[in-house]
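The values are calculated or read from the model by the stated rules, or taken from the named source; none is laboratory data. As the structure is a computational prediction, the values presented were derived from the model and not from experiment. Don't worry about glycine lacking a Cβ; one is built from the backbone with ideal geometry, like all the others, and counts go over all protein chains shown.
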Amino acid sequence: MKGGTISSDNIKYISEETHSEISRYFISKDNLYITIAGTIGDVGMVPEFFDGMNLTENAAKMIFSKVDKVWLQKTLSSKALQHQFTEKTNQLAQPKLALHRVVSSCVALPPLAEQQRIVAKVDELLAFSDNLKARLIDVQNTQIQLADAIVDQVVGESNK
């Protein structure tokens, strides 16, 4: 669980008996997860592949209604909320974030329509930022090519 999703690498399977014993610890594609031990506060979406699987003890699932899932994931991943999670983490041998501390975090909750507008605007700005980064890399590559060409020309003329 990292980067806002769950990787299918190194999946561990449990027996049917264990699955039955811990049946309330399943996750749904409609849930978000939050890591609460080791890595603290990574919030992500549950991919469809993991629908109905069991959840690791290092994370908690979030069940919600009347809240845009993407908005909630982005909000809980924001610096402001991540700072709250860090402040509320018990620093023992392995960092742990108690669920009652997650629940006590402060989150401004705009109306659903506004949540969806915020998600659309954030996605638009992130795409714009990615485009600018790509253009900057292109400009830097062009500068390197021009510098190489100038050096090659100067070296070629000095060898005459």
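Values for this structure:
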{"quantity": "Lone qualifier among T89, T35, T75, T56 - being in contact with a Pro (Cβ under 9 Å, 6 or more places away or on another chain) and either within 20 Å of M1 (Cβ to Cβ) or not assigned by TED's automatic domain parsing to the domain that holds T5 (or both)", "calculated": "T89"}
{"quantity": "Answer residue from region 83-107, given it is among the polar types (S, T, N, Q) and part of a helix (DSSP H, G or I) and is nearest to S65 (Cα to Cα) among those", "calculated": "Q84"}
{"quantity": "Which numbered condition A80 misses (of (1) crowded, with 16+ Cβ neighbours inside 10 Å; (2) in a helix (DSSP H, G or I))", "calculated": "(1)"}
{"quantity": "Residue match in region 52-60 (condition: of a type in the set (S, T, N, Q), part of a helix (DSSP H, G or I) and over 14 Å from the mean Cα position of the chain (by Cα))", "calculated": "no"}
{"quantity": "Residue identified as over 28 Å from F26 (Cα atoms), in contact with a helix residue (DSSP H, G or I) (Cβ under 8 Å, 6 or more places away or on another chain) and of a type in the set (V, I, T) among V122, V107, V67", "calculated": "V122"}
{"quantity": "Qualifying residue in region 148-156 (condition: surrounded by 10 or more Cβ atoms within 10 Å (Cβ to Cβ), acidic (D, E) and within 29 Å of P47 (Cα to Cα))", "calculated": "no"}
{"quantity": "Among (1) part of a helix (DSSP H, G or I); (2) surrounded by 10 or more Cβ atoms within 10 Å (Cβ to Cβ); (3) modelled with pLDDT under 95, the one test that P110 misses", "calculated": "(1)"}
{"quantity": "Residues that are surrounded by 15 or more Cβ atoms within 10 Å (Cβ to Cβ), modelled with pLDDT of 85 or more and either among the basic types (K, R) or not in a loop (DSSP other than H, G, I, E, B) (or both), drawn from region 6-36", "calculated": "F26, L32, Y33, I34, T35, I36"}
